[in-house]
1. Give me the base-10 log of I(q)/I(0) for chain B at each q in 0.11, 0.14, 0.19, 0.22 Å⁻¹, Debye formula, one uniform scatterer per Cα, rounded to two decimals.
2. Once you list every other residue whose beta carbon is under 14 Å from the beta carbon of A:Gln85, what net charge do they have if Lys and Arg are +1 and Asp and Glu are -1?
3. I need the per residue convex hull volume for the protein assembly as shown, using only the alpha carbons, in cubic angstrom as a whole number.
4. I'd like the distance between the alpha-carbon centres of the stretch A:2-68 and the stretch B:23-44, rounded to an integer number of Å.
5. In whole Hz, with x marking every Gly and Pro, tabulate ³J(HN,Hα) for the stretch A:81-94 from phi via Karplus 6.51 cos²θ - 1.76 cosθ + 1.60, θ = phi - 60°.
6. What fraction of the Cα pairs in chain A, stated in percent, has a spacing above 16 angstrom?
7. Please find the FRET efficiency linking A:Val114 to A:Thr5, where r is the Cβ-Cβ separation and R0 is fixed at 25 Å, and quote it to the nearest 0.05.
Amino acid sequence: DAGITQSPRHKVTETGTPVTLRCHQTENHRYMYWYRQDPGHGLRLIHYSYGVKDTDKGEVSDGYSVSRSKTEDFLLTLESATSSQTSVYFCAITSGTGGGYGYTFGSGTRLTVV
Amino acid sequence: QQQVKQSPQSLIVQKGGISIINCAYENTAFDYFPWYQQFPGKGPALLIAIRPDVSEKKEGRFTISFNKSAKQFSLHIMDSQPGDSATYFCAAYTGTASKLTFGTGTRLQVTL
């Protein structure tokens, strides 16, 4: 989607290895989010950021860490990947004004842990 | 704990029919209720949204009905078309960090 890009789009990694996913925005939005999407669970919030170096945990944060050193970049790191972290990961952004309905999502990263 | 419950999980509707997806929430602090549409290989995209002080909102063939006392809301797709085949997510918003809580999704298939 315009204004937000995720990389990589696909990744296969081995159990126990660290993995970093990147979300980059050009909208200068304050809020950024990482969700994972799994069948039967919908979209679940992993971590979010409300400003540079300001982050907080979501409902499924165990095994994940995040960093935001610049407004435009929000990184999600799997410290030691496990098979349960095989999923599709989405980044989302919003300015925080006008209501949360204004989320813009990236195209997702499909991660497979083998 | 699923704060937003969505049903059905999947739905098959004939072309021209009405698709209905239901959601229920628990947290009365939620104050905005959007619906997102997701096509395969894409991220979710905002479809339509409603505030709790309104009982119904219509945009083209898409209508949200909202029942505040029952803490329920639903999406109606009139004259469903094959191009509507997608996964639909309801969501609920709180002002705290502008967070959205999503339902589990409904996979809609519209057949010819």
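Every read-out reported here was derived from the displayed coordinates using simple, explicitly stated rules and does not represent laboratory data. These figures come from a predicted structure and were not determined experimentally. For neighbour counting, all protein chains shown are included, and Cβ atoms are generated from backbone atoms with ideal geometry for every residue, glycine included.
1. Each listed q corresponds, in turn, to -0.32, -0.51, -0.94, -1.23.
2. Values: positive: A:Lys11, A:Arg36, A:Arg44, A:Arg110; negative: A:Glu14, A:Asp38, A:Asp62, A:Glu79.
With Lys, Arg at +1 and Asp, Glu at -1, the net is 0.
3. Numbers: hull volume 26.4 nm³, N = 226.
So the per-residue hull volume is 117 Å³.
4. 18
5. Result, ordered by residue: 4, 10, 4, 5, 9, 5, 5, 9, 10, 10, 9, 9, 9, 7 Hz.
6. Working: 3566 of 6441 pairs.
Here the tail beyond 16 Å accounts for 55 percent of pairs.
7. Working: r = 26 Å, r/R0 = 1.03.
Calculated value: 0.45.
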